[in-house]
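In what follows, a structure is listed as structure tokens, so that the remarks can point back to it.
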Amino acid sequence: MPANPRPVLEAVRAALQSEPHSDLHARQIAMDFADGTLVLAGEVGSIAAKKLALERAAAVPGVDSIADRLHVAPAQRMGDKEIRAHVCDALLQEPAFLEFAIVQRHADRWETVRALPRARGSLDVEVTDGVVTLNGTVPGLDHKRLAGVLAWWVPGSRDVINGIAVDPPEDDSDEVITEAVRLVLEKDPFVNVSQLRVASKDAVVTLRGLVRTEGERQMAESDAWYVFGVDKVINQIEVRA
């Protein structure tokens, strides 16, 4: 007879509601649990809330794996076609991807966005119900992470599934994550990175330094959360006008 899922679900719900950094207690998250697998579905207010929900739930005894169906409430509601166009445009304009071929999934077929005879890599873009899926091949983790953040920056994106392969394979490390976060902050035109410092340890990123507004402080934190592989962000940035 299958084990009663109720104790695990109650423990997960309590864990989510105890997270002070997010709005999980104010949002409705649907849960299901069977055979060690927890399903989380629904819409949360931020990428931070999504990642923290997954972290908290994974720590609950009895949860062996999680089926992640959580999406982030978009800053602006857009159709899939519009989101796909914005993502492709961002990739086309990014100098780091000038030598990369780009294709997009439209209906049931792939369409070439940019073809190159000797491309350094390839980026494949699909969008379904506001969820951006990225595939292809790039030469470094920094390229993979930058592509993911550019997709997250599109206001209509509800989630980004980053399946881009790195070839040749590259070992990840705190130093690599730190450099990726630094790169993303430098790319963000709304963040002045000149007085910011980034450190990483065990996929936890700490931000320090000075900015002029609370909005800029929050934007820098969001940028760090968007980076693939970052599990947590500690924001120690101070606001000084």
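Where a number appears in this text, it was derived from the coordinates with a stated rule and is not lab data. Worth saying up front: this structure is predicted, and the values here are computed from it rather than measured. Backbone-built Cβ (ideal geometry, glycine too); neighbour counts: all protein chains shown.
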Take every Cα pair under 8 Å in the chain that's 6+ residues apart, average their separations, divide by the length, and report that relative contact order as a whole percent.
13
Apply the a/c threshold of 1.5 to the C-alpha gyration tensor of the stretch 6-72 and tell me whether it is rounded, prolate or oblate.
prolate
Over all distinct Cα pairs, what is the inverse of the mean 1/r for the stretch 1-131, reported as the Kirkwood hydrodynamic radius in Å?
17.3
Give me Rg/Rg_expected for the stretch 176-239, where Rg uses Cα atoms only and Rg_expected = 2.2 N^0.38 Å with N residues.
0.96
Please compute the modelled spin-label separation between Gln195 and Glu55, points set 7 Å along Cα→Cβ, answer in nm with one decimal.
2.7
Give the peptides 51-61, 152-162, 188-198 in descending order of average Cβ contacts within 10 Å, highest first.
152-162, 51-61, 188-198
Using unit Cβ charges (K, R positive; D, E negative) and no other charged atoms, how large, in debye to the nearest 20, is the dipole of the chain about its Cα centre?
460
Mean projected area in nm² (Cα convex hull; one quarter of hull surface) for the stretch 80-166:
4.9
First select every other residue whose beta carbon is under 15 angstrom from the beta carbon of Asp108; then total the charges, Lys and Arg +1, Asp and Glu -1.
0
Can you find, among Leu210, Thr112, Pro95, the residue farthest towards the positive end of the dipole of the chain? Put +1 on the C-beta of Lys and Arg, -1 on that of Asp and Glu.
Leu210
Once you keep just the Cα pairs under 8 angstrom separated by 6 or more residues, what percentage relative contact order results for the stretch 38-168?
22
Return the Cα extents of the chain along principal axes one, two and three, sorted largest first, each rounded to a whole Å.
59, 51, 36
How big, on average over all directions, is the shadow cast by the Cα convex hull of the stretch 124-197, in nm²?
5.4
Most positive-pole-ward Cα, Val72, Val39, Val60, against dipole of the stretch 6-72 from beta carbon charges
Val72
Only helices counted: for the chain, with every DSSP H run of 4 or more residues adding -39500 (n - 2.57) and the sum spread over all residues, [θ] at 222 nm is -10000 deg cm²/dmol
